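Each remark here refers to the structure printed beneath this line.
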Amino acid sequence: MAPTKTTKVSSTSKSSIQKNTASGVGAPSQLAQSSRKSKKAWRKNIDIQPVEQGLESLRSEERVIGSTLQKQTDDQLFVVDTKGDDKVRKSLPRYSKAELTSTKILSQRSAIPAVFSRPTKDTITSRSKVSRADKERLLRIAKRPRKGPFNAIMDHTEFGAGSALIDVSAAVKHSGSYDPWIAEEVEEVADGLEYTQKPKIKRPELSHPRDIIEVPAVLEPHQGSSYNPPAAAHDELIVEACRLERRRQDEADRLAEVRRKVADARALATNVTEGLPLGMTLDEIPTDDGEPVAQHDAVVPKKPSTRKTKQQRAKALRLREEKRALAEKAARKKMLATITMVKSLRSTAEKVGQQQNQARLARQLALKMKLRKGLAGQRLGKYKVPENEIEVQIGEDLSENLRTLKPEGNLFRDRFRSMQQRALIEPRVPILPTKRAKLKEFEKHAWKRFE
């Protein structure tokens, strides 16, 4: 027979392994355990009585009040009684020894509504009806036959009828309806037994340039741009156009000069001789035969480094200490001299602060006055807001009547430029594609043989 293994358990170990029959709230509990080395018994032997007691207290509050105390406002929890109520004593429950415990329990009515087994009119939710557009979209996805006008069956293979991606998404349908600055109702988020409150977002109060701009949407044209203008107005407009064109030409010349200097600097940077300053070249020394002699780099002997003695290092340290002491003495003397000038320095600082404040207000006023005329000529971000073009004809091109009048300008371009100057849209420039598809020519097999 195989030997059997016997174990002995002492009385102390039996008492420690003994399990509790129930917890404080009535649920069974298995807390006492001799060892927790096996992972199978970890979860069921964890003490969760504090959590159960906290949840049970929240449930009791919901039964009595209808919600937890954390969700109640101060007006619902507290009240200032200035008059008093004589009916309070009558409304309080009377103590009676003869009243049964079951009667007391039944007399306590819960604030939470009861759950009915039969559905009522309030609990029955109306069936969600599918709209006509959603029904057609589902039919297109399933490729089912759907009827169109005059009960004709529409073909799902035609363009726009069989693809579900052509329909706009829900994000596009609800775009523009969400405003993050609207004061929403504050919700309380339960995190375990603690309640946190969402922070409120404060809308920043910032002024927009369009509130200051006083430029009309359609500007009144100059008198000299008429088909039959007065001579003085026509000459004035031509001078203005000439001045604008000359300024553009000066800017183009300045930009070309900057580009030329950058190109010259890059050329000089490529031709740098080692050991010479930037831009300097070394001439070759010709010989008697006329051939240049190659110069060899001269070896400069290094100066031997001499180590200071102990007396020299002590002398240098003493000199540094003397210089530091003299500097501290001069600084202390300067500080003591400025004590008597505190009042004058304070008045000077106040004057300087007032001048700086006045200069700042003057800059802000100048900026507002400039913004009233629009954003023409100013740089916003990457691009510059375009200025208005002066449309004028020379005397030879002027027409004598409306029949021979040639149209000038573009209304769409004028409206687009006006919206940019009034800060309604951001400045943009047309971007043309740089790479174009190249046409590849090839001969078919039948045309390769010329026989």
Label-point gap, in nm, between residue 366 and residue 91 - each point 7 angstrom along Cα→Cβ: 7.3 nm
Diffing segment 370-378: the Karplus 3J(HN,Hα) column from phi (6.51, -1.76, 1.60, θ = phi - 60°), in whole Hz with x for Gly and Pro, holds 6, 6, 4, 8, x, 9, 5, x, 9
Given 0.36 nm per residue, what is the gain on full extension from residue 202 to residue 312 after removing their alpha carbon distance, in nm? 32.7 nm
How many nm is it between the label spots at residue 60 and residue 405, if each spot is 7 Å from the Cα in line with the beta carbon? 9.2 nm
Extension gain (nm, one decimal) between residue 106 and residue 71, 0.36 nm per residue minus Cα-Cα: 9.9 nm
For residue 380, enumerate residues with amide H under 5 Å from its amide H, sequence gap 5+ or separate chain, H modeled in the peptide plane. 385
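Chymotrypsin sites (Phe, Trp or Tyr not before Pro) within segment 402-447: which are DSSP loop residues with at most 10 other Cβ atoms inside 10 Å?
Sparse-neighbourhood loop chymotrypsin sites (Phe, Trp or Tyr not before Pro): 442.
Every read-out reported here was derived from the displayed coordinates using simple, explicitly stated rules and does not represent laboratory data. Everything quoted here is computed from the prediction, not taken from an experiment. Please note: Cβ atoms are built from the backbone with ideal geometry, for glycine as well, and neighbour counts cover all protein chains shown.
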